[in-house]
1. Please tell me the relative contact order of region 209-311 in percent, rounded to the nearest whole number, where contacts are Cα pairs under 8 Å and at least six residues apart.
2. Can you give the FRET efficiency for M233 and K119, using 1/(1 + (r/R0)^6), R0 = 41 Å, r = Cβ-Cβ distance, to the nearest 0.05?
3. Which whole-number percentage describes the relative contact order of region 1-132, with Cα contacts under 8 Å and a sequence gap of 6 or more?
4. Please get the size of the charge dipole for the chain, origin at its Cα centre, with Cβ charges of +1 on Lys and Arg and -1 on Asp and Glu, quoted in debye to the nearest 20.
5. What are the ³J(HN,Hα) couplings of region 255-271, residue after residue, when phi is run through the Karplus curve with 6.51, -1.76, 1.60 and θ = phi - 60°? Round to Hz, x for glycine and proline.
6. Go through region 112-120 residue by residue and turn each phi into a ³J(HN,Hα) via Karplus (6.51, -1.76, 1.60, θ = phi - 60°); whole Hz please, and just put x for glycine and proline.
7. With all protein chains present, calculate the accessible area of H110 using a 1.4 Å probe and round the result to the nearest 10 Å².
8. Take the alpha-carbon positions of region 36-83, form their convex hull, and give its projected area averaged over all directions (one quarter of the hull surface) in nm².
Amino acid sequence: MKKVIMDCDPGIDDAIALTVLLAHPEIAEVIGVTTVGGNVTLNYVTQNAKKLLTFLGSKAELASGQAEPLVKEIETAGEIHGKTGMEGYDFPAESEDYPLTSENAVTFIHDKLVASDDKVDIVATAPLTNIALLLKTFPEIHDKIDKIYVMGGSTLQGNITLAAEFNAYVDPEAAQIVFDSGVDVVLSGLNLTENKAFMTMDEIKSIKELGEVGVMASSILDFYASAELEKGMTKIPIHDACAVISMLNPGLFTKSHNYSIDVATTNDQFRGMTYPDRRVYAEEKNSVKVLEDVDRDAFVKYLLDSIKSYS
Ligand code: RIB
Ligand code: CA
């Protein structure tokens, strides 16, 4: 049984990812959920986490974290996730009452790791601000982290800009800190989430048949999928589900390569680009396990079965 902390910015694909994660108590005990400003501002992100945890009947401890990235001001993605970040479904009114254990995700995660007898996995599906601060503030805590499963970056295309993926773009300094930390990182970048682990619109539409959780997931995905279609995407990436499923079922990911990765922290059009060092004589500055391919049909089935399992 793994112990897992999920750091997220729900955000619709984060919501799907957290729903998948909480569907597998037989694999992962979720000892904490933490939030960070990203897709929408921290207040909305944290409100959305409360809505989802209440709806799914979870008792996972929740802590809010950093509202802003380490250096620059936050840039959000309301065009993809809607103003509040998770519109489209009428969540329980009592969601507001979901307890917030802490408003300091960094000390919350630290304390959870210290208290755990076993190493803990972290799934990070947002700008890496909280995780970078954790690793910098408490260097000794590295030994209590098994792996950090990150959705972020890309070894090919960007999304928020031609060069950068959104999470890395919002906080590139944090991403570089995490990549350089020496903790094992398993990376689901856009090269995987958009090019390989995508869902078709028919597969997305089938979600509404998967019970009440499927109705919720389908309802919030409607806005997200329509925004992706408006961008001209025909293959819909549920980005954050890749990071969660790479932790729950790593065998589905059929190709990976360890690279040293540099993150552009310049103030130009390349800010947030995550560039792997493919030179045969590359110096080992850091080593990130970049996931490069997946059994897509099995991935989609696992995601759908996870949603269906609540019924
Ligand atoms: O680029 C995709 C990532 O940015 C996902 O984590 C999505 O939720 C947004 O945070
Ligand atoms: Ca996210």
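1. 35
2. Step by step, r from the Cβ atoms, then E = 0.65.
3. Result for region 1-132 is 35 percent.
4. It works out to roughly 440 debye.
5. 8, 8, 8, 8, 10, 7, 10, 9, 10, 6, 10, 6, 9, 9, 5, 9, 3
6. 5, 5, 5, 6, 7, 6, 9, 5, 10
7. Answer for H110: close to 30 Å² accessible.
8. 3.7
The values are calculated or read from the model by the stated rules, or taken from the named source; none is laboratory data. These figures come from a predicted structure and were not determined experimentally. Cβ coordinates were reconstructed from backbone atoms using ideal geometry, including for glycine residues, and neighbour counts include every protein chain displayed. Calculation scope for accessible area: heavy atoms of the full protein, side chains included, ligands and nucleic acids excluded. Shrake-Rupley method; radii C 1.70, N 1.55, O 1.52, S 1.80 Å.
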